[in-house]
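Structure first, commentary second.
Just so it is clear, none of the values below were taken in a lab; they were calculated from the coordinates. Computed from a prediction, not measured in an experiment: that's the story for all the values here. Neighbour counts are summed over all protein chains in view; Cβ atoms, including those assigned to glycine, are modelled from backbone coordinates with ideal geometry.
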Amino acid sequence: PPATTPSATQPVSAAAIAQQGEAAILNRDAWLYKGSDITPDAEWKFGTLKNGLRYAVRKNGVPPGQIAVRVRMDVGSLYETDPERGYAHMIEHLSFRGSQYVPDGEAKRIWQRMGTTFGSDTNAQTTTTQTVYKLDLPSATAAGIDESLKILSGMVSRPNITQTALAAERPAVLAEQREAPGPQVRFIDALNATFFAGQPLADRSPIGHVKELEAATAQSVKAFHDRWYRPERAVVVVAGDFDPAQLEAMVAKNFGDWRGIGDAPKDPDFGKPDPKQSTTKAVVEPGIPTRIEMAVLRPWQYNDDTVIFNQKRLVDFLGLAIINRRLETLARSGGSYIAAAVRLDDPSRSANGTFVTVLPVGNAWEPALKDVRAV
């Protein structure tokens, strides 16, 4: 359908919004607590729409009169194939260029009239495993929230992915790609390539590759969008100084008619670290101080958020805190390193790891490594 400006449409009454929203809701189960024995936070209203989209809304009066909206898509750079590297980030950019509801550039102008500033109040972020669209409304009204949710629903469900829009946005994405590879980024890329060798995370930076970005067409980018941008992969969270029942109704009304295109794809295999692999790599980067990174990697596995799981994790964190306190004490006493720390992490659902970081004094990495291992 032709793009229309939502602000030109007639406002819908609260009763009509509630009626439309109720028809789209499948259940009000606390999906975030599925498999958990922790009591759900009563301040939040959870639910799932009939199309599979999940939502969570709550009233929060601080700061007064404001609303925060987040739309999370379960897709990032790890969902790309080799020829699609950079597509997830490209779609994030294209989503702001118009949709089935607003023409190119109009969404930013509508939100600016509501008092937002692009970049601080309106933004998005693509990571390896998710893409999140962010909107903070400084002065929330029923009409403004409803209009904003309609715009956001169009951005994720039916963005204008055309060759014209792609040609206009590609230079900005390529500029980010050119500016990104500073010494710290190159070091992190080398770290991922070493720690996660043989897994997609080894070479799936969200910024993508120039070759694939330059070869991208509207058809290929839209195919990626249609494959992964589906309501069952979406979570909408709204919190602010407003009636949560009305927020719930507006989410359901504006996102309830979204339908996925084609059959739902199978999640990609993020792989597992090789327990037999023992790799050492030296990276030369004059722009950063000498640094040692070590990791012991285990296969990642999903864990329900239960009391027992959190008790075990608390014991792990307590052990880490003790080790880190000892490392800090040795550094303060004039040891061979400036700082050192150990941590647990689950990077991009690709591994469960114990990671150690050491910053030696000068280039004396060998005595620093020896002292840290002794702790």
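Give the peptides 354-361, 280-287, 177-184, 213-220 in descending order of average Cβ contacts within 10 Å, highest first.
Most protected by this proxy first, the peptides run 354-361, 213-220, 177-184, 280-287.
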Exercise. If you take the square roots of the eigenvalues of the alpha-carbon gyration tensor of region 155-243 and sort them as a ≥ b ≥ c, do you get rounded (a/c under 1.5), prolate (a/b over b/c) or oblate?
Worked result: oblate
Problem set entry | Reach of residue 266 by Cα under 25 Å, taken over lysines that are not fewer than 8 positions away in the same chain | 34, 50, 222
Problem set entry | Alpha carbon centroid spacing (whole Å) that separates region 31-68 from region 107-180 | 23 Å
Exercise. To the nearest 10 degrees, how steep is helix 307-332 against the longest Cα principal axis of the chain, on a 0 to 90 scale?
Worked result: 50 degrees
For this session: Indicate the gyration tensor shape class of region 89-205 (rounded, prolate or oblate), computed on the Cα atoms with a ≥ b ≥ c the square roots of the eigenvalues: a/c under 1.5 is rounded; otherwise a/b larger than b/c is prolate and the rest oblate.
Result: prolate
Exercise. log10 I(q)/I(0), Debye, Cα-only region 292-374, no solvent, q = 0.17, 0.21, 0.26, 0.27 Å⁻¹?
Worked result: -0.75, -0.97, -1.22, -1.27
Exercise. Rounded to the nearest 500 deg cm²/dmol, what is the calculated helix-only ellipticity per residue at 222 nm for the chain, with -39500 (n - 2.57) per DSSP H run of length n ≥ 4?
Worked result: -11500 deg cm²/dmol
Seminar exercise, completed: Rounded to one decimal in nm, the spacing of the 7 Å Cα→Cβ label points at residue 197 and residue 313 is 3.1 nm
Exercise. Helix 142-157 sits at what angle to the longest principal axis of the chain, using alpha carbons and giving 0 to 90 degrees rounded to 10?
Worked result: 60 degrees
Seminar exercise, completed: Debye calc, one equal point scatterer per Cα of region 194-345, no solvent, log10 I(q)/I(0) at q = 0.11, 0.16, 0.19, 0.21 1/Å comes to -0.89, -1.22, -1.29, -1.36
For this session: Considering Cα pairs under 8 angstrom that are at least six residues apart, work out the relative contact order of the chain and quote it in whole percent.
Result: 23 percent
Exercise. Nearest 10 degrees, 0 to 90: what angle lies between the long axis of helix 244-255 and the longest principal axis of the chain (Cα atoms)?
Worked result: 80 degrees
